[in-house]
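Derivation of every value follows stated rules applied to the coordinates shown; laboratory data play no part. Nothing here was measured: the structure is a model prediction, and the numbers come from that model. Neighbour counts are summed over all protein chains in view; Cβ atoms, including those assigned to glycine, are modelled from backbone coordinates with ideal geometry.
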Amino acid sequence: GERAESRIRFFDFHPTTADVRAEVLEGLSRPRKRLPPKLFYDQHGSQLFDAITELPEYYPTRTEIQILREHGAAMADRLGRGSVLIELGSGSSLKIQTLLAALQPRVYIPVDISKAHLLESAQALAERFPELSIRAACADYSGPFELPLESDWRDLAAFFPGSSIGNFDPDEARAFLKRVARVLGPGGRLLIGVDLKKERAVLDAAYNDAQGVTAAFNLNLLTRLNRELGADFEVDAFRHRAFFNEEAGRIEMHLVSRSNQRVRVAGQVFDFRLGETIHTENSYKYGIEDFQRLARSAGFVSEQVWTDADDLFSVHCLIV
Ligand code: AVI
């Protein structure tokens, strides 16, 4: 293969700070304050997330990797070898490494909102896989997004692991899946990891780890707003709260105000009552049929689904 650097091209679609400012002000102006979970992933937040994936309580990552290891060959059969492989929310690109040897894609297109993270992992991957050509795209896939594709490329496949689909509300998830279906085109396949519904205690523990890493991840959002938007959140004046909302079928994460307080964000004033929360994340959990129904409503057909022995997590192969 050629030198690692010469096999990487970087495409910056500029997930901009102007958007961040507008979204934050809009979210904090609501009667029930909220912030978009994609804001977790600044450089420190991405590191904290990586630490979460190694926690004993956080079962999704290790369970998904186990499923990928066990069924990688069958997944590669489904996805088709030698194709163009897009990974949405690639982060550290750890999971894809369990599939690359089997898949041997011509081009790998990692897409992530965190530029530093994206570049670092593209570099590491190019060194490990000397035949691989990489087009790294820094983009926000939570809305309409562009990809560095050539018009004559066929056999597109996408990988969306980690149950990140769960961080969208069902309507957003459907809209997202429709966009992916359009990018892939007829016959294109999506391999997607989806966390399953299970006992409440297991879910609650996964988002309330004993070491407080998830709390730090949640609170880091405020540190980021202080730095990037000149906000004056007192981080210690908020605490982490996460719980399974049975009715809605989702984990909710909140930042709870420990006092009556006033905060300035980008020149605007926001008042918090004691106990008032900022809703920072939903993480939906699906039954297998529930998810297949959602996928169908977005134009996909479910080809196959793999799970672990304890039915903690599922990986679906969908076709457009
Ligand atoms: C990235 N996403 C699927 C994680 C989840 O489980 O919803 C983010 C996360 N939030 C708290 N812990 C992990």
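For Glu54, the requirement of being in contact (Cβ under 8 Å) with a residue 12 or more places away in the chain and either of a type in the set (Asp, Glu) or surrounded by fewer than 19 Cβ atoms within 10 Å (Cβ to Cβ) (or both) is not met.
Against the numbered list (1) in contact (Cβ under 8 Å) with a residue 12 or more places away in the chain; (2) surrounded by fewer than 21 Cβ atoms within 10 Å (Cβ to Cβ), Leu68 comes up short only at (2). Scanning the stretch 135-144 for residues that are part of a loop (DSSP other than H, G, I, E, B) and either buried (at least 18 other Cβ atoms within 10 Å of the Cβ) or within 16 Å of the ligand (Cβ to nearest atom) (or both) gives Ala139, Asp140, Tyr141, Ser142. Residues in the stretch 152-176 that are more than 22 Å from Val107 (Cα to Cα) and either free of Cβ contacts under 8 Å to residues at least 60 places away in the same chain or not in a loop (DSSP other than H, G, I, E, B) (or both): Ser164, Ile165, Gly166, Asn167, Pro170, Asp171, Glu172, Ala173, Arg174, Ala175, Phe176.
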